[in-house]
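The values are calculated or read from the model by the stated rules, or taken from the named source; none is laboratory data. Keep in mind that what you see is a predicted model, and the values were worked out from it rather than measured. No Cβ is skipped: glycine too gets one built from the backbone with ideal geometry, and neighbour counts run over all protein chains shown. All accessible areas refer to the heavy atoms of the entire protein, side chains included, with ligands and DNA or RNA removed. Shrake-Rupley method; radii C 1.70, N 1.55, O 1.52, S 1.80 Å.
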Amino acid sequence: MTADACTTGGVADAAPLVAQTIAIALPYTYAALGGAVTERSGMIDLALEAKLLFGAFAAAAIAYATGSTWAGIAGGALAGMMVAALQAGCALGLGADQVIVGVALNLLAFGGTRFLLQIIFHEGANSPPTPELSGVLGNPLAWGALVAAIAVPLAVARSRWGLRLRAAGDRPDALVAVGVAPNRARVHAALVGGALAGAGGAQLSLSVGGFSADMSSGRGYIALAMIILSGWRPAIATVACLGIALAHVANVKLQLAGIGGAATREAIQTLGPLLPYIATLVVLVAYGKARPPPRALGK
């Protein structure tokens, strides 16, 4: 076999792996970008799981009703913004504890999406089939994630909006001194972050052609862990999410490979799905305190 043939074969083998990794990374990436924006403004974002779930449900329901994946994506982003608005209203407007608000919204999403499934579709666990996003190159959310992974860090670091956002998280007194209310900057950041996380939810449901109860499966919490790991830097959080996606792909490959005897295969089937979570825990323990959080986070 010639060197050119080997190279061509290697690229052909790698292409599906790359596509699978990107597809798995998309919900994490959108949630991490959205959460990083919200937390850099000083508001704790434990509600990423709720934004993913409500975004996934809204995307599936609207895509089913309209027959359009584009409408579904817009619906998912809008649902994420609505959750963020409720979160900001409770945490900033009413002064509720931000951690409790996030946990409460996550619990509301777990129960609320099941309730909506029953009310709208008369199903307890799954929605009817919806229009489906195909592949990676033809998936607008994949290209949107690429744009967001570049635009969000630049906007946070270079724009006037990003300057106010960072000041709200690090030095809210400086904003007050120039006549800008820190909570106003935080609300704007929360809405942008909610839209991004809701778009990640749309990827969850539209990539498989329907909504399933609890389909976020802890992705919001892993995205939050990647935000902490990255030191609240959106670009690095994106790279960290790719690492989690690789752990998912490794789990699938290990289970399909049939390595070793029956005991080894059983161990892989049992522990393999935990690989992304184990990787998250190990990395957080090793590097989670490398960079301090925004000084006004949660205050």
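Provide the gained length on full extension for the span Ala85 to Trp70, in nm with one decimal, where the gain is 0.36 nm per separating residue minus the Cα-Cα distance.
Numbers: separation 15, 0.36 × 15 = 5.40 nm, distance 2.27 nm.
That works out to 3.1 nm of additional length.
Could you sort the peptides 130-141, 238-249 by per-residue average Cβ neighbour count (10 Å cutoff), highest mean leading?
The packing order, highest mean first, is 238-249, 130-141.
So, how do all the Cα-to-Cα distances of segment 185-229 break down into 5 Å bins, in percent, from 0 on up?
Here the calculated profile for segment 185-229 is 6, 18, 22, 24, 18, 9, 3, 0.
Using R₀ = 51 Å, calculate the FRET efficiency as 1/(1 + (r/R₀)^6) where r is the Cβ-Cβ separation of Lys253 and Glu123; round to 0.05.
Working: r = 33 Å, r/R0 = 0.64.
The formula returns an efficiency of 0.95 here.
Rounded to the nearest percent, how much of the accessible area of segment 82-177 (1.4 Å probe, protein heavy atoms only) is carbon and sulfur? Before the final figure, lay out the partial values.
Values: 3620 of 5260 Å².
Result for segment 82-177: 69 percent of the exposed heavy-atom area is carbon or sulfur.
Remind me, relative contact order of segment 78-227 in percent, using alpha carbon pairs under 8 angstrom and six or more residues apart? Don't jump to the answer; show the numbers that get you there.
Values: 121 pairs, mean separation 57.7, N = 150.
Over segment 78-227, the number comes to 38 percent.
Report the gain in length on full extension from Val99 to Leu137: 0.36 nm times residue separation, minus Cα-Cα distance, nm rounded to one decimal. Walk me through the numbers on the way to the answer.
Working: separation 38, 0.36 × 38 = 13.68 nm, distance 3.78 nm.
Between Val99 and Leu137, full extension yields 9.9 nm more.
If you average the C-alpha positions of segment 181-254 and of segment 142-158 separately, how far apart do those two centres end up, in angstrom?
Taking the Cα centre of segment 142-158 as reference, the centre of segment 181-254 is 14 Å away.
When only the heavy atoms of the protein chains count and the probe is 1.4 Å, how do Trp143, Trp161 rank by accessible area, highest first? Don't skip to the answer; put the middle values down first.
Details: Trp143 130, Trp161 85 Å².
Reading off the accessible areas and sorting them downward yields Trp143, Trp161.
Please work out the ratio of the alpha-carbon Rg of segment 32-111 to 2.2 N^0.38 Å and round it to two decimals.
Working: Rg = 13.1 Å, N = 80, 2.2 N^0.38 = 11.6 Å.
Relative to the rule-of-thumb radius for its length, segment 32-111 sits at 1.13.
Given the whole protein assembly as supplied and a 1.4 Å probe, what does the accessible area of Arg164 come to in Å², nearest 10?
Arg164 exposes around 80 Å² with every protein chain in place.
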